[in-house]
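The values are calculated or read from the model by the stated rules, or taken from the named source; none is laboratory data. Computed from a predicted model, the values in this text were never measured in an experiment. Neighbour counts are summed over all protein chains in view; Cβ atoms, including those assigned to glycine, are modelled from backbone coordinates with ideal geometry.
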Amino acid sequence: MNEKIKNYFGIAIIIGVFALAYAAISYVGTYSKSIEPSTFRSFSANGQGKITAIPDIAEFTFSVITEGGKDIAKPQRENTEKTNKIIEFIKSQGVETKDIKTQNYNLNPKYQYFNCPIPLGGGRPEICPPPEIVGYTISQTVSVKIRNFEKIGVILSGAVENGANSVSELSFGVDEPEVLQNQAREQAIKKAKEKAASIAKAGGFKIGRLLSIEEGGYAPSPFYAKSGFGGEAASSLPSPTIEPGSQEIIATVTLRYEIK
């Protein structure tokens, strides 16, 4: 009787060992598939979405540079008055306060340097005085966002006429690019799915679960602006005619599927 129990016990142990080994092998296989989908059969398909964007905002910067003597208050006051005058003019053209932002404000000293030559034939050189501050330069740069394109030329010319030393960095863009990026992405995914279905049909296999999706980013082409001169600004200065052009927002995606 004891011998039979021992035999049954031995058989049970053997069965248990095989069951444990099978479970371990199954777990390893499942786990490896979950963390390394490339270890089993798969394929990928890519797609590209393209949206043509028409710019709805224009941005530029203007600078007011004022030079003065040692009395800092005078150039500061002059710079502030000119800048405020330009901003008031820009607001009068329909630009909102939220679209006008001071980028930087700098106050830099101007130095006079002394030339102290070394005496010919040797001898002790003269004591050279240190550089001396003889005045100050104040510069203020403001960025402006324009939403009414009919006002661009008038605002650019008016900024110069009202005291801006420099008007630059005119560029065009889309105020909410995320909306167009989402549309381009949706278009890219749709094309990638269609391509995957075509590949599976040609290859004679079925598409399994989606393993991964990779975005290739967005590649917006630059806006091209055409400018000329025509029309009249707030007074006598001619205002440039600006054409913002268009822009393409491109999204690419790659979908990887399991092959059934």
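LYS74 meets all of the listed conditions (1) over 17 Å from THR61 (Cβ atoms); (2) surrounded by 11 or more Cβ atoms within 10 Å (Cβ to Cβ); (3) out of contact with any strand residue (DSSP E or B) (no Cβ under 7 Å at 6 or more places or on another chain); (4) at pLDDT below 95 but one, namely (3).
Residue-by-condition table, conditions (1) over 20 Å from GLY153 (Cα atoms); (2) assigned to a strand (DSSP E or B):
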{"position": "VAL64", "(1), (2)": "no, yes"}
{"position": "GLU67", "(1), (2)": "yes, yes"}
{"position": "PRO75", "(1), (2)": "yes, no"}
{"position": "GLU78", "(1), (2)": "yes, no"}
{"position": "GLU88", "(1), (2)": "no, no"}
{"position": "LYS98", "(1), (2)": "yes, no"}
{"position": "GLN103", "(1), (2)": "yes, yes"}
{"position": "ASN115", "(1), (2)": "yes, no"}
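When segment 37-50 is filtered for residues that are surrounded by 13 or more Cβ atoms within 10 Å (Cβ to Cβ) and at pLDDT below 90, the ones remaining, listed by number, are PRO37, PHE40.
The set of residues from segment 187-214 being charged (D, E, K, R) and surrounded by 14 or more Cβ atoms within 10 Å (Cβ to Cβ) comprises LYS191, LYS193, LYS195. Inspect all residues belonging to segment 113-124 and state whether any of them is surrounded by 11 or more Cβ atoms within 10 Å (Cβ to Cβ) and among the charged types (D, E, K, R). No: zero hits. Within segment 145-194, the set of residues being among the β-branched types (Val, Ile, Thr) and outside any loop (DSSP other than H, G, I, E, B) comprises ILE146, ILE152, VAL154, ILE155, VAL160, VAL167, VAL179, ILE189. Residue count for segment 77-105, restricted to those that are polar (S, T, N, Q) and surrounded by fewer than 13 Cβ atoms within 10 Å (Cβ to Cβ): 5.
Determine whether segment 249-257 contains at least one residue that is among the charged types (D, E, K, R) and either farther than 26 Å from ILE57 by Cβ or at pLDDT 90 or above (or both). For segment 249-257, residues among the charged types (D, E, K, R) and either farther than 26 Å from ILE57 by Cβ or at pLDDT 90 or above (or both): present.
Considering LYS145, LYS101, the condition of being closer than 30 Å to ILE54 by Cα, touching an Asp or Glu at 6+ places or on another chain (Cβ under 6 Å) and in contact (Cβ under 8 Å) with a residue 40 or more places away in the chain is satisfied by LYS145 alone.
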